[in-house]
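Working notes, structure below.
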Amino acid sequence: MREMRSNLDQEVRQPADAVADAANLVQRGLAAQRGGSPAEAERLFDEALRIDPAHVDALLLLGVCRCQLGLALHLLDRDEEAIACFARALQRDAGYWQACVNRALVFEKLGHHALALAELARALALRPDDPQIRFNAAVCRLRTGDFAGGWPLFEARRRLAARRVARQHDEAGLWLGADDISGKTLLLHAEHGLGDTIQFCRYAPLAAARGARVWIEAPPALLPLLQSLRGVERVVAQAAATFDRHTPMLSLPLAFGTAADSIPRAVPYLARRPIGWPAGTRSWGRAGGARASAWRRRATAAR
């Protein structure tokens with residue numbers, strides 16, 4: 001009887017011990033993954049799954065890990081393994097929205113945008129107001145040319161801490177194209193990158209054409225360049241004065257209902273005076289030609 005009880009206790013303990021061992025391996029795998037050792041993390045997740053094949057976290061993290069390995073080693077066939085791991089995680093827990101998001105990232109990297117969007121739609125059904133999922137869906141749609149579906153979702157970026165979109169102007173009221181701005185002061189403000197500012201400032205003349213008094217807030221390094229924009233009344237590094245409406249520059253395509261065939265293409269829309277070029281001068285003239293000749297002579301002599 002005592003021997004039978006001992007065997008029964010052992011049978012009861014073994015599943016619990018196995019679950020604990022698998023959980024410990026997953027935690028060690030996470031530490032390895034965060035420490036920049038994806039191969040070791042993969043080994044630990046694999047070992048956890050041998051002990052507990054239904055461990056959802058191990059399935060999900062193994063997929064992420066294999067995807068990271070594929071990115072690091074440019075082995076796209078490993079991405080297929082990652083997709084399979086995410087699928088297994090979802091078979092175990094259909095509400096595991098992180099698996100949908102990660103599968104979408106892998107599909108998009110492989111160029112399977114329709115499959116990526118299907119996964120993101122599944123994730124949004126589970127978390128409809130999640131800004132990161134909405135942002136991912138926006139980027140995927142924009143990459144495929146779906147501007148009508150992409151630009152509205154792209155507004156989710158303003159809720160992402162990593163994007164750091166300026167919110168200090170919100171009290172003035174956000175303008176996204178719906179209301180009349182004729183006679184009103186509209187502040188167009190840069191969000192983060194210099195390149196994005198240069199690209200999206202092309203919408204300023206369109207806002208001026210609607211009758212707005214257009215101001216631009218941008219990084220100091222770009223102020224001389226942006227002063228050449230047609231229809232802009234003021235260009236500043238920090239807008240301290242009162243204005244009626246504001247629009248982040250990356251929201252301008254939404255405000256103007258931009259489609260692939262209506263991207264503003266009037267170029268050049270910016271002009272930069274060469275250093276030393278007097279304000280109001282449109283050409284170098286004789287003095288400029290003489291100066292260029294002098295530079296040319298010095299360069300030749302230095303060879």
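The values are calculated or read from the model by the stated rules, or taken from the named source; none is laboratory data. This one's a predicted model, so the numbers in the text were calculated from it and none came from an experiment. Please note: Cβ atoms are built from the backbone with ideal geometry, for glycine as well, and neighbour counts cover all protein chains shown.
With the requirement that a residue be part of a loop (DSSP other than H, G, I, E, B), of a type outside the set (Gly, Ala, Ser) and over 23 Å from the mean Cα position of the chain (by Cα), what does segment 195-246 give you? Explain how you work it out, then say what you get.
Restricting attention to segment 195-246, the residues satisfying the condition of being part of a loop (DSSP other than H, G, I, E, B) are 210-212, 218-219, 227-231, 237-244.
Now narrow it down to the ones that are of a type outside the set (Gly, Ala, Ser): 210, 219, 227, 229-230, 238, 242-244.
Within segment 195-246, ARG210, GLN227, LEU229, ARG230, GLN238, THR242, PHE243, ASP244 meet the criteria.
Could you please find all residues in segment 97-116 being over 14 Å from LEU59 (Cα atoms), small (Gly, Ala, Ser) and part of a helix (DSSP H, G or I)? So that I can check it myself, show each step before the final result.
If we filter segment 97-116 for residues that are over 14 Å from LEU59 (Cα atoms), which is where we start, we get 101, 104-116.
Then drop every residue that is not small (Gly, Ala, Ser), which leaves 104, 111, 114, 116.
Hits for segment 97-116 are ALA104, ALA114, ALA116.
Is it fair to say GLU119 is part of a helix (DSSP H, G or I) and either in contact (Cβ under 8 Å) with a residue 60 or more places away in the chain or among the aromatic types (Phe, Trp, Tyr) (or both)? Quick ask: steps written out before the conclusion?
Numbers: part of a helix (DSSP H, G or I): yes; either in contact (Cβ under 8 Å) with a residue 60 or more places away in the chain or among the aromatic types (Phe, Trp, Tyr) (or both): no.
It is false that GLU119 is part of a helix (DSSP H, G or I) and either in contact (Cβ under 8 Å) with a residue 60 or more places away in the chain or among the aromatic types (Phe, Trp, Tyr) (or both).
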Of all residues being touching a Lys or Arg at 6+ places or on another chain (Cβ under 7 Å) and buried (at least 16 other Cβ atoms within 10 Å of the Cβ) in segment 224-246, which is farthest from GLY211 (Cα to Cα)? Just the residue, please.
LEU225
First in segment 178-202 and surrounded by fewer than 13 Cβ atoms within 10 Å (Cβ to Cβ), second anywhere and aliphatic (A, V, I, L, M), Cβ under 8 Å, 6 or more apart
SER182/ALA212; GLY183/ALA212
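Can you tell me which residue in segment 60-83 is farthest from THR144 (Cα to Cα), limited to those that are among the aliphatic types (A, V, I, L, M) and at pLDDT 80 or above? Talk me through it step by step, then tell me what you get.
Quick first cut of segment 60-83, residues among the aliphatic types (A, V, I, L, M) only: 60-62, 64, 69, 71-73, 75-76, 82-83.
Of the ones still in play, those that are also at pLDDT 80 or above are 82-83.
Numbers: ALA82: 23, ILE83: 21 Å.
This residue is ALA82.
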Taking first residues from segment 36-60 that are buried (at least 16 other Cβ atoms within 10 Å of the Cβ) and second residues anywhere that are part of a helix (DSSP H, G or I) and among the basic types (Lys, Arg), the pairs with Cβ under 6 Å that are 6 or more apart or on different chains are LEU44/ARG28; VAL56/ARG92; LEU59/ARG88
When ALA94 is run through (1) modelled with pLDDT under 95; (2) part of a helix (DSSP H, G or I); (3) surrounded by fewer than 20 Cβ atoms within 10 Å (Cβ to Cβ), the failure sits at (2)
